[in-house]
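The values are calculated or read from the model by the stated rules, or taken from the named source; none is laboratory data. Computed from a predicted model, the values in this text were never measured in an experiment. Quick reminder, even Gly has a Cβ in these numbers, built from the backbone with ideal geometry, and neighbours come from all protein chains shown. What goes into the accessible areas is simple: the full protein's heavy atoms, side chains included, and nothing from ligands, DNA or RNA. Shrake-Rupley method; radii C 1.70, N 1.55, O 1.52, S 1.80 Å.
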Amino acid sequence: MKIDSSNTSQIVALQEAAQQRAAQADAQTTSTTGSSTASTGSSNSSVSLSALSTDLRTSGSSDIDTAKVASIKAALNDGSYKVDSGKVADGMLGSARELMQTKTPPAGG
């Protein structure tokens, strides 16, 4: 499996959005339970998701083999999961080779 580093900005944006939603949920919980004296402003809130988040939710589900994830989780829990260190090393070396090939040579020389 190859990790695509070009999607890091999307991942960061999704993480920030998730943190904001969690903070908003915490604020709503504390304001409804009365344990906080801070006011959230208006009681009518609306949330709109970007097209990116919609695309990621719809296309992301087809990228994950949930049965395989479940079997790996079960193997981890019962201690029977074995890591093939040769495959891990080959993958790391392949990624390193690919990174070295994509670097541009220094100017002037």
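Points worth noting:
- Total residues in segment 48-59 satisfying the condition of being modelled with pLDDT under 75 and surrounded by fewer than 10 Cβ atoms within 10 Å (Cβ to Cβ): the figure is 2.
- In the condition set (1) part of a helix (DSSP H, G or I); (2) among the polar types (S, T, N, Q); (3) open to solvent by 70 Å² or more (accessible area, probe 1.4 Å); (4) at pLDDT below 80, Gln19 is compliant with all but (4).
- Residue within segment 24-34 that is exposed (fewer than 10 other Cβ atoms within 10 Å of the Cβ) and modelled with pLDDT under 70 present: yes
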